[in-house]
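Since the structure comes first, as structure tokens, the remarks are kept for the end.
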There are 2 protein chains.
Amino acid sequence: MERVCRELFRSGSDSIRIKKEETAVKNLMAILEAALNLSVKKGFDAMSLRDLQAESGLSMGCLYSYFPGKEALLHIMQDQGRKFVMGIMAEALEEPAPPEEKLEMAIRTHIYLSENMQKWFYFSYMETKNMGRDEAKKAIESELLTESIFRDILEEGEKAGVFSFEDANLTAAMIKAMLQDWYLKRWKYKNRQIHVDEYANFLIRFIRKALVQP
Amino acid sequence: MERVCRELFRSGSDSIRIKKEETAVKNLMAILEAALNLSVKKGFDAMSLRDLQAESGLSMGCLYSYFPGKEALLHIMQDQGRKFVMGIMAEALEEPAPPEEKLEMAIRTHIYLSENMQKWFYFSYMETKNMGRDEAKKAIESELLTESIFRDILEEGEKAGVFSFEDANLTAAMIKAMLQDWYLKRWKYKNRQIHVDEYANFLIRFIRKALVQP
DNA sequence: GTCTATAGCCGGATAGAC
DNA sequence: GTCTATCCGGCTATAGAC
């Protein structure tokens, strides 16, 4: 969280009117944390800036020296989160490896990442539709990029003769759908006391079974 | 749609102040259709009653003689839709059949139902979090009920020796996640020109592969 | 049954004191 | 850098004419 906020400050967004890095980062953290909590609880639209003021411990006027308006805040949250997530995914997959290992690595990385950033993933998914055309486009591109990571691994595996499937696109889409269930239906898995390791292990085996020739 | 609205009228909800069935049903259809369209486009919260007035062709005052307030409208939409969907699913699965056929029947019914009622399914999923405690509970129960339909079929199949899997609950959850992708990511499948039959056929084979012993 | 007009409130945004 | 006070527009909801 601190890493994200520091980067946001240093990116030199002219909407931040604060000069001192330490105070800026500290308050940005309070703001984004509060906004995420409230958005997940009641939805970004339903969250008023007065709610945000109370939850973050800052005043109305102070909020506005960190972002120029409510809509801009939504974009900041989406953008910064996306950059961070994409960075982690790319980092995890940069070393070459055989397709089976790479698939497992990609699945595990995504699940553990969405475990640690569960609120952001949930928020990002649910609020995509409320964004303007250009921002919605970025969200879609991001979804397709993640999906293409899996599609590429599948195709590599097919060439190498270790995977067999009908349609790489559809298979990748199904993998993505199953990954998303982990952060979208968290209440369900919590109630059933399914731990993240259990979910990841199950999913890897489930997918592997579907990837072999009958 | 007409069927749902007529039933809503006849259920004798005292919030409907209109006496003549034909006018009531006609207007209810206009209202629910408009509300669904607007909710899907911009979200239920962001839809104002003035939007609804314009889209439905009725006046502000008239709207209020069909439902007592905006929040009540949300509940009506959720409730009526849920009743209808559950009725169809139960109807489709009432006849006994071997587990393999039953599984296919359940998957197809759900996919084609969510194809025909795509907007309602999308709306219902996205707006669950905005509802009060009691209504949210009903939505969760409904999700678990659908899931249990699949879990029961899986367990029947395991006893009969035709299916083999690690965990019935998790497997059912994964099936549900893949069914949901069809109506949640409709833009994706539309762009790729994946027809509903293609999706259903693919999914059935994909799941079947994951249900056999390696 | 349906309409228009209006009450009353709440949210986003800003000005300017400290 | 942060606060309080205030403006203004849009929202839900209702009253009462037709």
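The values are calculated or read from the model by the stated rules, or taken from the named source; none is laboratory data. Computed from a predicted structure; not experimentally measured. Methodologically, a virtual Cβ is constructed for each residue, glycine included, from the backbone with ideal geometry; neighbour enumeration extends over all protein chains shown. Accessible surface is based on the protein model in full, side chains and every heavy atom, while ligands, DNA and RNA are left aside. Shrake-Rupley method; radii C 1.70, N 1.55, O 1.52, S 1.80 Å.
Note down the net charge around residue A:146, summing +1 for each Lys or Arg and -1 for each Asp or Glu among other residues with Cβ under 15 Å from its Cβ.
Working: positive: A:82, A:83, A:102, A:108, A:138, A:151, A:176, B:185, B:188; negative: A:91, A:141, A:143, A:147, A:152, A:181, B:181.
Result for the local shell: +2.
Just tell me how shielded B:130-140 is by partners: mean number of partner chain Cβ atoms within 10 Å of each residue's Cβ, no decimals.
1
Cross-link candidates for residue A:26: which aspartates and glutamates have Cα within less than 15 Å, leaving aside residues fewer than 8 places away along the same chain?
Filter leaves A:2, A:7, A:55.
Run the numbers on region B:173-201: which residues show a drop of 40 Å² or more in accessible area, chain on its own versus all protein chains together, using a 1.4 Å probe over heavy atoms?
B:174, B:177, B:178, B:185, B:187, B:188, B:192
So, R0 is 51 Å and r is the distance between the beta-carbons of residue A:71 and residue B:164; what FRET efficiency does that work out to, to 0.05?
According to the calculation, E is roughly 0.50.
To one decimal in nm, how far is residue B:201 from the same spot in the other copies, if labels go 7 Å from Cα toward Cβ? Please give the shortest first.
Here residue B:201 shows inter-copy label distances of 3.8 nm.
For each pair in A:185/B:42; A:190/B:42; A:42/B:137, compute the distance between the two Cα atoms and list the pairs where it is over 19 Å.
Distance filter (> 19 Å) returns A:185/B:42; A:190/B:42.
7 Å from Cα along Cα→Cβ at both residue A:79 and residue A:212: what's the point-to-point distance in nm?
My value for the distance between the label points is 4.8 nm.
Leaving out ligands, DNA and RNA, what percent of the accessible area of chain A is carbon and sulfur, probe 1.4 Å?
The C+S portion of the solvent-accessible surface of chain A is 51 percent.
Say each of residue A:144 and residue A:86 gets a label point 7 Å from the Cα, pointing the same way as Cα to Cβ; how far apart are those two points in nm?
1.3 nm
In square nanometres, what is the average projected area of the Cα convex hull of region A:2-68?
Numbers: hull surface 17.0 nm².
That works out to 4.2 nm², a quarter of the Cα hull's surface.
Taking every pair of Cα atoms in region A:117-213, average 1/r, invert it to obtain the Kirkwood radius, and report Rg/Rh to two decimals. It would help to have the intermediate numbers written out before the result.
On the way: Rg = 15.4 Å, Rh = 15.0 Å.
So for region A:117-213, dividing Rg by the Kirkwood Rh gives 1.03.
What accessible area per residue, rounded to a whole number of Å², is obtained for region B:73-210 using a probe radius of 1.4 Å?
Heavy-atom accessible area per residue stands at 43 Å².
Among A:77-83, B:86-92, how do they line up by average Cβ neighbours within 10 Å per residue, starting with the highest?
Working: A:77-83: 18.3, B:86-92: 13.6.
Packing proxy ranking, top to bottom: A:77-83, B:86-92.
Over all distinct Cα pairs, what is the inverse of the mean 1/r for region B:121-169, reported as the Kirkwood hydrodynamic radius in Å? Display every interim value, and only then the final one.
On the way: mean 1/r = 0.0797 Å⁻¹.
That comes to 12.5 Å for region B:121-169.
I want to verify the translational diffusion coefficient of region B:143-199 in µm²/s; compute it with Stokes-Einstein, Rh as the Kirkwood radius over Cα pairs, at 4 °C and 1.567 mPa s.
102 µm²/s
Counting partner chain Cβ atoms within 10 Å of every residue's Cβ in B:95-108, what's the average?
Mean inter-chain Cβ contacts per residue within 10 Å come to 0.
Under the rule of -39500 (n - 2.57) per DSSP H run of 4 or more residues, summed and divided by the residues of chain B, what mean residue ellipticity at 222 nm is obtained, to the nearest 500 deg cm²/dmol?
-24000 deg cm²/dmol
Over both sides of the A-B contact, add up the buried accessible area with a 1.4 Å probe and give it to the nearest 100 Å².
For A against B, buried area totals roughly 3900 Å².
Averaged across B:157-168, how many Cβ atoms of other chains sit within 10 Å of each residue's Cβ atom?
Counting Cβ atoms of other protein chains within 10 Å of each residue's Cβ and averaging gives 1.
Using only the Cα atoms of the protein assembly as shown, each taken as one equal point scatterer with no solvent, compute I(q) by the Debye sum, divide by I(0), and report log10 of the ratio at q = 0.11 Å⁻¹.
-0.95
What per residue convex hull volume, in Å³, do the alpha-carbon atoms of region A:66-147 yield? Could the numbers behind the result be given before it?
Details: hull volume 8.0 nm³, N = 82.
So the per-residue Cα hull volume is 98 Å³.
Starting from the Kirkwood radius over alpha-carbon pairs of chain B, derive D by Stokes-Einstein at 37 °C in a medium of 0.692 mPa s and give it in µm² s⁻¹.
For the chosen part, D equals 174 µm²/s.
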